[in-house]
Amino acid sequence: MTDYQTIHRSEDEFGPVIVLEDRDMRLLSFGDTDEQSKLLKSAPHIPQHTYLQAMLLVLLFIKPKRVIVLGLGGGGLIHALRNYDRAINVTAVELRASVIEVAKRYFQLPIGKKLSLIHQDATDFLVQRDHKKADVIFADIYGADGVDENQLTETFIANASSMVKADGYLVLNCWKEHSQNRELLALLQIHFSEVRACLTGGGNWVVIAGKVARDITSSGLKADAQQLSVQLDFPLARSLTRFEHWQ
């Protein structure tokens, strides 16, 4: 990150919140070598990280009207979803008030009546269940040290499942080593009929778990991905080649 200029640095009880930029990109970091979010300033709706691109593969299976995003970061998912369909109701839950303020100030967060920002621990949010059920829940809860292991627990997955509609999806952003976690797979299979996953080029393991199994051929997925790529304004082909049933 030596080519980037620091334009914001603050500290809260969880550590630093840093914003860096060069001519084209803006980054959110929670540590000196950490990169939480990356925004292309001229086109914020195009995800710069392969894990975000992979998480959006869920749109091959469902056209959501309501989504919940657990872990705001710089709002990359929200930008992509808003570009895909401005009518989607998005609720973003973020533990750190400082991250919410930074996303608003530096990351062009698309504020409007279709976006609700909630300052709360995602685990507590799921426990309370004080929200309408969603078509998709995106869980992308990371700190400077990596994935929050809470989002891989039995309680978290059960509570998330209870807030997903009968034909909805849970999308988890994990590390590649979690691809060997049979316990996690078994937990997901208790609550979801179909579990697919994608190993990204950046070393993430993105899991897409659906309440209803959908019989779509590989050729059908490829054709749908071509159309979705146009809607999202970036190619999904790379993610799709690594996308398969997790079993």
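Given Ala186, Ala209, which one is modelled with pLDDT of 95 or more, of a type in the set (Gly, Ala, Ser) and in contact with a helix residue (DSSP H, G or I) (Cβ under 9 Å, 6 or more places away or on another chain)? Outline the logic, then answer.
Values: Ala186 fails: in contact with a helix residue (DSSP H, G or I) (Cβ under 9 Å, 6 or more places away or on another chain).
Sole residue among the options that is modelled with pLDDT of 95 or more, of a type in the set (Gly, Ala, Ser) and in contact with a helix residue (DSSP H, G or I) (Cβ under 9 Å, 6 or more places away or on another chain): Ala209.
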> Consider Ser98 against the criteria (1) more than 24 Å from Ser161 (Cα to Cα); (2) modelled with pLDDT of 95 or more; (3) part of a loop (DSSP other than H, G, I, E, B): it satisfies all of them except one. Which criterion is unmet?
Replying inline: (3)
>> So, in the stretch 4-63, how many residues would count as being assigned to a strand (DSSP E or B) and either closer than 21 Å to Leu172 by Cα or not β-branched (Val, Ile, Thr) (or both)?
In response: 19
> Checking Asn83 against (1) surrounded by 18 or more Cβ atoms within 10 Å (Cβ to Cβ); (2) in contact with a His (Cβ under 8 Å, 6 or more places away or on another chain); (3) outside any strand (DSSP E or B), which single condition isn't satisfied?
Replying inline: (1)
> Does Ala122 qualify as being buried (at least 21 other Cβ atoms within 10 Å of the Cβ) and in contact (Cβ under 8 Å) with a residue 24 or more places away in the chain?
Replying inline: yes
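What residue, of Val195, Val230, is aliphatic (A, V, I, L, M) and over 19 Å from Ile46 (Cβ atoms)? Break it down into steps so the answer makes sense when it comes.
Numbers: Val230 fails: over 19 Å from Ile46 (Cβ atoms).
Of the residues listed, the single one that is aliphatic (A, V, I, L, M) and over 19 Å from Ile46 (Cβ atoms) is Val195.
Rundown of residues vs (1) within 21 Å of Leu52 (Cα to Cα); (2) touching a residue at least 12 places away in the same chain (Cβ under 8 Å); (3) in contact with a Gly (Cβ under 7 Å, 6 or more places away or on another chain), yes/no style:
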{"site": "Trp175", "(1), (2), (3)": "yes, yes, yes"}
{"site": "Ser179", "(1), (2), (3)": "yes, yes, no"}
{"site": "Gln189", "(1), (2), (3)": "no, no, no"}
{"site": "Ser193", "(1), (2), (3)": "no, yes, yes"}
{"site": "Leu199", "(1), (2), (3)": "yes, yes, no"}
{"site": "Asn204", "(1), (2), (3)": "yes, yes, no"}
{"site": "Ile216", "(1), (2), (3)": "no, yes, no"}
{"site": "Ser219", "(1), (2), (3)": "no, no, no"}
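Out of curiosity, is Val93 buried (at least 23 other Cβ atoms within 10 Å of the Cβ) and assigned to a strand (DSSP E or B)? Talk me through it step by step, then tell me what you get.
On the way: buried (at least 23 other Cβ atoms within 10 Å of the Cβ): yes; assigned to a strand (DSSP E or B): yes.
When the stated conditions are applied, Val93 passes them.
The values are calculated or read from the model by the stated rules, or taken from the named source; none is laboratory data. What you are looking at is a predicted structure, and each value in this text was computed from that prediction instead of being measured. Every residue, glycine as well, gets a Cβ built from its backbone with ideal geometry; the counts of neighbours run over all protein chains shown.
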